[in-house]
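The values are calculated or read from the model by the stated rules, or taken from the named source; none is laboratory data. Since we're looking at a predicted model, the values are computed, not measured. Because the Cβ atoms are built from the backbone with ideal geometry, glycine has one as well, and the counts that use them run over all protein chains shown. With ligands, DNA and RNA removed, areas are computed over all heavy atoms of the protein, side chains included. Shrake-Rupley method; radii C 1.70, N 1.55, O 1.52, S 1.80 Å.
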Amino acid sequence: MNDMTDFSSAGGTGRTLRDAPRQRPGLQALARGLGFVSLALGLAELAAPRRVARVAEMGELDGAGGLRRLAGQTPLPSSRALVRGHGLRELGTGAGLLASADPEPWVWGRVAGDVLDIATVVLAPRRPSLFGRRGGSRAGTLVALLAVTAVDLYCAEGLRRERQQRQARPHDWSGRSGYPKGIEASRGAARDLEVPNDMRTPEALRPWTEGRRPR
């Protein structure tokens with residue numbers, strides 16, 4: 001009963017509810033892999049935000065933070081704080097991908113995060129060079145982000161199409177009889193069944209259930 005094997009066809013083919021349309025294992029494995037990637041990237045952004053910002057050639061978003069404070073304005077967050085924020089987002093997305101039975105919403109969350117990452121790298125001021133070396137490549141970072149975005153979009157679109165196909169084409173269970181080995185093989189299967197005491201007819205009602213009336 002745990003596998004619901006009693007819902008088989010009348011011909012005794014042994015088909016069960018596991019034969020219902022399900023998601024492709026390839027997309028499920030890809031979504032799970034993206035979850036591990038999110039966890040790894042999130043840990044890296046939390047542990048080494050300065051290095052991540054250096055690789056992306058991200059300078060400080062508010063180079064005049066002290067002047068903004070003197071003027072009574074809220075200073076912009078530093079690039080390290082922004083990278084740490086992205087790290088927390090990646091950790092949440094990765095945990096959702098690995099724990100959820102339906103990874104599609106979380107994969108779309110990764111796509112939205114990719115767009116945010118690309119916007120952050122593009123709009124952040126370029127890190128000033130030191131002795132002619134910048135320590136990273138913004139172009140290379142953008143190429144890597146675009147490649148990851150393409151993979152996330154492929155996985156999200158694949159999961160979305162499978163969901164729509166399952167909704168538009170419900171499985172036909174009309175050929176099921178409820179007998180895994182056929183009706184004939186099921187006759188007398190419960191002949192030796194001993195009814196538990198708590199399921200027996202109470203003593204006071206047995207005269208009526210046995211066809212005899214009390215005297």
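Some points to look at:
- Subset tally (residues that are over 16 Å from the mean Cα position of the chain (by Cα), touching a residue at least 12 places away in the same chain (Cβ under 8 Å) and open to solvent by 70 Å² or more (accessible area, probe 1.4 Å)) for the stretch 141-164: 1
- Picking from residues in the stretch 26-61 that are touching a Pro at 6+ places or on another chain (Cβ under 9 Å) and of a type in the set (D, E, K, R), the one that is modelled with the lowest pLDDT is E60.
- Of residues in the stretch 191-210 being outside any helix (DSSP H, G or I) and open to solvent by 70 Å² or more (accessible area, probe 1.4 Å), the one modelled with the lowest pLDDT: E210
- Contacts under 9 angstrom Cβ, first residue in the stretch 95-120 being polar (S, T, N, Q), partner open to solvent by 40 Å² or more (accessible area, probe 1.4 Å), 6 or more apart: S100/W106; T120/L82
- Selection from the stretch 88-104 of residues that are open to solvent by 10 Å² or more (accessible area, probe 1.4 Å) and not in a helix (DSSP H, G or I): S100, A101, D102
- Output for the stretch 106-131, where each listed residue is open to solvent by 70 Å² or more (accessible area, probe 1.4 Å) and modelled with pLDDT under 90: V122, L123, R126, P128, L130, F131
- When G136 is tested against (1) open to solvent by 90 Å² or more (accessible area, probe 1.4 Å); (2) modelled with pLDDT under 80; (3) not in a helix (DSSP H, G or I); (4) not hydrophobic (A, V, I, L, M, F, W, C), exactly one condition is not met: (1).
- Qualifying residue in the stretch 168-187 (condition: under 15 Å from W108 (Cα atoms), assigned to a helix (DSSP H, G or I) and open to solvent by 70 Å² or more (accessible area, probe 1.4 Å)): no
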